[in-house]
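Written below as structure tokens is the structure these notes are about.
Just so it is clear, none of the values below were taken in a lab; they were calculated from the coordinates. Keep in mind it's a predicted model, so treat the numbers as computed, not measured. Please note: Cβ atoms are built from the backbone with ideal geometry, for glycine as well, and neighbour counts cover all protein chains shown.
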């Protein structure tokens, strides 16, 4: 059996005394979003060639540039 290091880290949320569980869940969700764990899991579902990743990166940069240009007008 092979072991693959997928670089997943466990997020730890410490619940303060008297804190509601809903607030702790909200902090956990924010932490997941900020660390981009879900995005990483989705991107690792299938292999993306380096050329395809670069092409997507360029398209994203072009979109951002066009968006900023339209926002200035």
Mind giving me the nanometre distance, one decimal, between the label points for residue 57 and residue 36, set 7 Å out from Cα along Cα→Cβ? 1.1
Given the -39500 (n - 2.57) contribution per DSSP H run of 4+ residues, what per-residue ellipticity at 222 nm results for the chain, rounded to the nearest 500 deg cm²/dmol? -20000 deg cm²/dmol
Under 10 Å, Cα contacts only: if you run a Gaussian network model on the chain, which one of 26, 34, 16 comes out with the highest mean-square fluctuation? 16
Quick one: pull the percentage of alpha-carbon pairs in the stretch 21-72 with a separation above 15 Å. 68
If you line up the long axis of helix 50-72 against the longest principal axis of the chain, both from Cα atoms, how many degrees apart are they, to the nearest 10? 80
